[in-house]
Ligand code: NDP
């Protein structure tokens with residue numbers, strides 16, 4: 001039996017980072033992956049999605065350019081070209097991940113790994129003895145139990161559709177649903193988004209939710225709120241008939257469920273070893289990512305503290321530093337910024353107004369809504385919205401939120417300020433970069 005200081009199960013963002021850093025601290029490390037190195041983010045998540053978001057935005061850019069004197073000749077959009085080019089890039093990244101691991105001295109294994117006992121991992125008939133085991137197996141799309149759901153796809157399949165659907169229904173109101181509604185709509189697919197609640201992006205600031213909801217409708221998405229899918233039937237011509245809870249029916253070529261993700265924690269032998277999990281399947285860990293079993297740790301979506309790639313990476317890095325680097329390091333889950341690459345995009349850091357009011361006595365909000373300078377020459381009616389949430393007593397900025405062009409790029413910098421504990425006076429004292437949208441974060445003087 002081969003012996004390792006660390007065996008990592010799962011070759012996504014969290015597992016790969018942990019394996020590399022542990023190896024750099026001198027540990028003997030093996031990593032196991034059953035699909036492709038890179039994980040959800042690289043293979044069928046953040047990266048290919050963002051490439052598709054770029055693709056979808058061009059039609060607006062072509063239209064806007066007319067107002068700047070250009071007359072682009074657009075002959076159409078070719079789905080196959082996009083998918084092939086995207087796949088080539090994903091193959092490149094997949095190899096980069098493998099190179100990073102092998103250059104760090106990590107042994108790369110392929111196959112489904114399971115725990116024989118708390119110190120033995122089995123993969124493809126091979127047994128590995130592990131000083132420590134890290135579970136970083138990520139998550140999997142959740143498909144609700146609806147009649148005919150087998151005729152729908154999840155975000156795993158959406159990246160590999162052979163043809164662009166002429167019509168699509170996207171179910172859900174979270175990150176993936178709004179992102180793919182924007183992608184399909186931007187590429188010219190007749191797009192309906194169906195969400196069971198009163199407004200999309202539950203958990204985000206309410207003003208952001210309603211602003212984005214309005215913008216999506218302006219862009220042409222048929223957004224049906226407080227609606228559920230009841231049944232899906234496959235028609236002879238290959239399309240789907242979708243029955244909705246409002247009594248209506250809709251025919252579409254593709255129906256995508258983006259209804260959340262569940263942790264990949266079954267079939268690994270975790271129950272057999274006695275690792276504690278929540279009822280939903282998330283592995284329960286302490287602040288050092290340690291499970292109830294002394295030498296078994298878990299990071300990333302399988303723990304689901306915050307299901308974001310950079311969070312998984314942070315957790316994996318902190319684990320490796322703590323356990324193999326002799327550095328006392330915990331992952332810090334406060335003020336994690338995030339973006340939704342909808343069209344227009346959303347970005348946020350810190351508390352929503354709603355949460356701030358629950359936690360603080362006196363909360364002020366500052367907001368601004370406007371058309372960006374670029375669109376003063378175009379007929380593009382997109383509007384940008386920015387908001388700061390401030391604790392009146394300490395003057396501390398508790399949250400920043402934005403819907404609009406470049407929101408994610410702008411919010412990364414704002415997140416540094418908020419992480420550093422910036423006050424509203426610090427924002428006010430910062431000179432804006434003119435003319436930008438970002439400067440609004442420094443010029444909002446009057447509370448709402
Ligand atoms: P989310 O949890 O963001 O959204 C799931 C959506 O599906 C919610 O609107 C939820 O409604 C709805 N839903 C859940 N169950 C059902 C059901 N049975 N019937 C109808 N609707 C249902 O999950 P996603 O799948 O969009 O994404 C998973 C995670 O991946 C995200 O939470 C995020 O952490 C990460 N991600 C991050 C991205 C980024 O950073 N840009 C991009 C994509 C994913 P309700 O709100 O009512 O519960």
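Here, each number is a calculation from the coordinates, and none is a lab measurement. Keep in mind the model is a prediction, meaning the values are calculated, not measured. Neighbour counts run over all protein chains shown; Cβ positions are idealised from the backbone, glycine included.
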* **FRET efficiency estimate (nearest 0.05) - Cβ-Cβ, residue 327 to residue 85, R0 41 angstrom** => 0.50
* Structure fact -> Reduced to Cα centres, the span from segment 141-166 to segment 416-448 in Å works out to 42
* To do: Provide the gained length on full extension for the span residue 236 to residue 63, in nm with one decimal, where the gain is 0.36 nm per separating residue minus the Cα-Cα distance.
  => 58.5 nm
* What order, most packed first, do the peptides 173-182, 204-213 have when packing is the mean number of other Cβ atoms within 10 Å of each residue? -> 173-182, 204-213
* Asked: Normalised by the number of residues in the chain, what is the relative contact order in percent for Cα pairs under 8 Å and 6+ residues apart?
  -> 16
* Cα-based helix-to-principal-axis angle, 309-324 vs the chain, degrees rounded to 10 -> 30
* Asked: Using a Gaussian network for the chain with springs between C-alpha atoms less than 10 Å apart, which of these wobbles most: 139, 15, 281?
  -> 281
* Label-point separation (nm) for residue 420 and residue 70, each offset 7 Å from Cα along Cα-to-Cβ? -> 3.6
* Asked: In nm, what is the difference between 0.36 nm times the number of residues separating residue 393 and residue 110 and their Cα-Cα distance?
  -> 96.4 nm
* To do: Counting only C-alpha contacts under 8 Å and six or more residues apart, can you give the relative contact order of segment 315-448 as a whole percent?
  => 24
* Based solely on its DSSP helices, what 222 nm [θ] is calculated for the chain when runs of n ≥ 4 H residues each add -39,500 (n - 2.57) and the sum is averaged over all residues, nearest 500 deg cm²/dmol? -> -9500 deg cm²/dmol
* To do: Could you state the orientation-averaged shadow area of the convex hull built on the Cα atoms of the chain, in nm² to one decimal?
  => 24.2
* Can you tell me the order of 258-268, 380-390 when each peptide is scored by its average per-residue count of other Cβ atoms within 10 angstrom, highest first? => 380-390, 258-268
* Sort 17, 305 so the one with the fewest other Cβ atoms within 10 Å of its own Cβ comes first. => 305, 17
* Structure fact -> Percent relative contact order for segment 272-377, counting Cα pairs under 8 Å at least six residues apart, stands at 13
* Column: log10 I(q)/I(0), Debye, Cα scatterers of segment 168-320, q = 0.09, 0.10, 0.14, 0.15 Å⁻¹ -> -0.42, -0.51, -0.82, -0.87
* Asked: Among 437, 65, 248, which comes first, then next, by fewest other beta-carbon atoms within 10 Å?
  -> 248, 65, 437
* So for the chain: antiparallel DSSP bridges make up what percent, rounded to the nearest 5? -> 60
* To do: Please report 254, 46 as a ranked list, fewest other C-beta atoms within 10 angstrom at the top and most at the bottom.
  => 46, 254
